[in-house]
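Some notes on the structure that comes next.
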Amino acid sequence: MISSSILGLIFLILPDLSDTLSTDTVPAFHSKIKEKKTIILEEDFSYTEKVEKEIQVLSEEGLSHAFTSLQYDNLSEIVDFYLEVRDPSTKKVLEKAKLKDMTDAAIYSTTNIFDDNRHKYYRIYSGKFPIEVQIRYETRMNTNFYFRDWIPVHRYFQKVEKSELEVIYPQTLGFRFKEINLTGEKKEEKLPEGKIRLHWIEKNLPVQGTDFKSEEDHKILMAPSRFSVAGIQGTMEDWSGLAAWQHELNRNRDKLPKEFEKKVLSMIEGMDDTYQQVSVLYDYLQQNFRYVSIQLGIGGWQTMSASETIKHAYGDCKGLTNLMKSMLQIAGIPSNYTLVFAGKDADDIEIDLPSIQFNHVILQVPTDQDPIWLECTSNQLPAGYLGSFTSNRHVLVTQEGGGYLTKTPDYSADQWNQIKSITKLELDEQGNAKISSNRKLNGNFAQEVMEVKKYLDHREQRDYFHRNSPVSGLIVSDYELSITKIDSLPIAQLTYHGYVQRFAQSTAKRMILRPFLGNITEDMLIHRNLDLEESYSITLPSDLSFEGTLENIYLQEDQFEVNLSYQLSDRLLQVTRTVKISFPDNVEKEQLESMLKKVNQFGHNSFYFTKPTTSIH
């Protein structure tokens with residue numbers, strides 16, 4: 001992962017998810033705030049950030065709104081801090097604090113093994129309300145590489161009476177921004193010595209509850225025009241400039257030891273196919289190097305050298321990607337170090353504001369057809385498959401002298417979204433069933449099973465199958481889980497045997513087979529495609545007579561096709577369902593819900609069987 005040292009918050013204010021409205025009589029908000037932030041950019045690419053706040057804390061829930069955390073590392077420092085707590089009725093000062101009174105602590109991450117991020121924080125306590133809290137602080141960044149977004153509303157249930165942002169910058173360096181949902185005032189003026197002053201004011205913004213939609217937030221995104229990090233200058237006027245800087249930052253860090261170069265060439269000796277060569281070297285990387293996140297100083301953006309990664313047999317996303325790139329280079333296969341904002345269900349970047357919006361690195365291998373994408377931190381994914389962590393989003397491909405934005409694959413074609421299952425059940429007289437099932441999951445559906453196999457122990461895996469079986473009430477007696485691949489397509493094969501209590505309801509005169517086909521859910525359609533084929537062979541107890549008729553069902557509309565067929569022969573009932581769904585990414589939620597309602601309306605009927613009548617003579 002890419003460093004939080006620059007992407008991290010200089011002033012850490014996280015939404016307090018514990019803020020909730022009780023049923024007691026409380027205000028609609030827990031605090032009120034007036035705030036001004038001033039950013040002063042210098043010719044040497046450093047900048048100072050000054051913040052002044054007046055917070056009126058109205059209840060105990062609002063105390064967290066006055067919590068202050070200031071982050072620092074090798075690229076930033078805390079210059080000053082002052083806090084004062086007053087009684088609003090008497091103006092008596094109840095508490096004071098300065099920089100020396102703040103608690104200093106490391107910022108521990110669940111993903112970073114090595115980093116240098118620390119913060120100083122101060123928390124106030126009070127049993128009396130309301131109280132007034134005045135806060136002033138100043139921080140300094142050694143680089144203008146990154147500016148934190150200005151978001152006036154910091155907390156849930158906080159009333160923003162007034163929030164100001166002032167930016168002063170030299171025209172020679174430039175400054176860029178993007179306004180989102182602003183409703184207030186903006187002024188721009190020229191200052192002496194070739195400087196520009198920008199000033200925004202937002203007043204009386206709506207109080208946000210926990211159901212607030214982030215896309216409706218008021219904010220300003222900021223980015224430099226010219227910048228410098230550790231003496232390496234670059235431009236962000238366009239994506240190509242940022243890509244060129246990243247490439248320059250990693251220059252000469254791709255050298256491999258001679259013996260390792262020979263090893264690389266020996267692994268692909270006699271191979272002509274590019275994908276085969278890439279796959280062999282990628283497999284070697286996966287099997288011999290482990291992922292460790294390293295975020296030290298500029299190391300958050302500059303890769304460790306390929307020789308260091310080989311020496312330690314580990315690396316972060318940058319180090320492993322750089323090593324893979326270096327191996328391919330020896331093999332005569334060009335590849336491109338690529339920046340991405342990773343995360344399952346993560347929002348895409350703002351493509352119209354070239355800036356630092358990335359937290360991860362992957363590798364692009366151009367071919368005559370589609371590129372081969374490599375997630376170098378994974379020891380499971382096949383070459384050419386990225387998985388949900390980095391798929392279907394804009395990424396920045398870096399090259400010598402520039403680069404460009406492109407999108408990673410969305411894996412929405414049929415082959416990436418297939419589920420095929422064959423299930424056999426044998427019922428006894430009481431309606432209990434022995435079950436055996438074989439499920440094959442391709443592509444995106446296989447990824448989840450990969451994670452189950454990697455991260456869950458035997459007991460947890462068994463519990464997972466209990467919860468996710470298409471047949472409810474399953475108790476697994478034994479199972480086998482295997483992961484294979486066909487080129488870049490991951491395939492998960494799951495075979496299990498077990499027992500289902502009361503699969504059918506048995507009465508004195510009847511046996512009733514309850515609905516057992518599972519619903520198609522939105523979670524199954526994340527990639528906008530589903531190719532499902534499932535069959536159930538149910539062996540019934542002897543001498544049952546079926547009541548009614550079996551009618552096959554077929555429904556086809558623009559975005560889906562459902563086929564449900566039944567066949568009863570002697571004691572064997574066979575039920576087969578195929579579902580094919582494919583829709584564009586601009587489908588509204590209401591349309592999707594309507595489509596699923598149509599798809600799921602079939603297969604919920606019960607089967608009624610009459611038992612033989614016993615007569616006494």
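The values are calculated or read from the model by the stated rules, or taken from the named source; none is laboratory data. If you're wondering where the values come from, they're calculated on a predicted model, not measured in any experiment. Glycine gets a Cβ as well: all are built from the backbone with ideal geometry, and neighbour counts include every protein chain shown. These area figures cover heavy atoms from the full protein model, side chains too; ligands, DNA and RNA do not enter into them. Shrake-Rupley method; radii C 1.70, N 1.55, O 1.52, S 1.80 Å.
In terms of its C-alpha gyration tensor, region 366-469 has a prolate overall shape, because the principal axis ratio a/c (a ≥ b ≥ c, square roots of the eigenvalues) is not below 1.5 and a/b outweighs b/c.
As a check on your grasp of the helix formula, calculate [θ] at 222 nm for the chain: sum -39500 (n - 2.57) over DSSP H runs of n ≥ 4, divide by the residue count, round to the nearest 500.
Counting only the DSSP helices, I get -4500 deg cm²/dmol.
Straight Cα distances below 19 angstrom link LYS311 to the lysines LYS255, LYS258, LYS262, LYS263, LYS325, with same-chain residues fewer than 8 positions distant left out. When only Cα pairs below 8 angstrom with a gap of at least 6 residues are kept, region 256-415 shows a relative contact order of 20 percent. Considering only LEU165, ASN204, VAL229, and ranking their Cα positions along the charge dipole of region 159-229 that arises from unit charges at the beta-carbon of Lys, Arg, Asp and Glu, the one farthest toward the positive end is VAL229. Working from Cα pairs under 8 Å separated by at least six residues, relative contact order for the chain is 10 percent. In degrees from 0 to 90, rounded to the nearest 10, what is the angle of the helix 458-468 Cα long axis to the longest principal axis of the chain? Orientation of helix 458-468: about 80 degrees from the principal axis.
Take the cross-link list LYS454/LYS485; LYS485/LYS580; LYS407/LYS454 and give me the ones stretching past 18 Å between alpha-carbons.
Exceeds cut-off: LYS485/LYS580; LYS407/LYS454.
For the chain, DSSP calls about 85 percent of its internal beta bridges antiparallel.
Note on the chain: dipole from Cβ charges, positive end direction compared against SER388, MET595, SER437; the farthest Cα belongs to SER437.
Taking a ≥ b ≥ c as the square roots of the eigenvalues of the Cα gyration tensor of region 25-148, is the shape rounded (a/c under 1.5), prolate (a/b larger than b/c) or oblate? Since a/c reaches 1.5 and a/b is larger than b/c, the shape of region 25-148 is classed as prolate. Computed with a 1.4 Å probe over protein heavy atoms only, the accessible surface of region 39-92 comes to 40 Å² per residue.
The charge dipole of region 231-344, taken about the Cα centre with unit charges on the Cβ atoms of Lys, Arg (+1) and Asp, Glu (-1), comes to about 380 debye, rounded to the nearest 20. For the pair ASP368 and SER89, label points projected 7 Å from Cα toward Cβ lie 8.5 nm apart. Straightening the chain between SER569 and LYS203 buys 124.3 nm, computed as 0.36 nm per residue apart minus the Cα-Cα spacing.
Taking the protein heavy atoms of region 519-617 in the context of the full set of protein chains, the accessible area attributed to carbon and sulfur is 44 percent at 1.4 Å. Between the residues PHE260, GLY270, GLY300, the greatest Cα displacement towards the positive end of the dipole of region 257-308, with unit charges on the Cβ of Lys, Arg, Asp and Glu, is found for GLY300. Can you tell me how region 485-546 classifies by the Cα gyration tensor, rounded, prolate or oblate, using a/c under 1.5 as the rounded cut? Prolate shape, in that a/c is at least 1.5 and a/b is the bigger ratio. Dipole size of the chain about its Cα centre, with +1 on Lys/Arg Cβ and -1 on Asp/Glu Cβ: approximately 1180 debye, rounded to the nearest 20.
Taking loop as defined by DSSP and a crowding limit of 14 other beta carbons within 10 Å, which trypsin sites (Lys or Arg not before Pro) in region 186-290 fit?
In loop regions of region 186-290 (DSSP not H, G, I, E or B), the sparsely surrounded trypsin sites (Lys or Arg not before Pro) are LYS213, ARG251, LYS255.
The simple spin-label model puts a point 7 Å past each Cα toward its Cβ; for THR210 and THR495 those points are separated by 4.7 nm. Taking 31 Å as the limit for the C-alpha separation, the pairs LYS34/LYS344; LYS37/LYS100; LYS98/LYS190 exceed it in the case of LYS34/LYS344; LYS98/LYS190.
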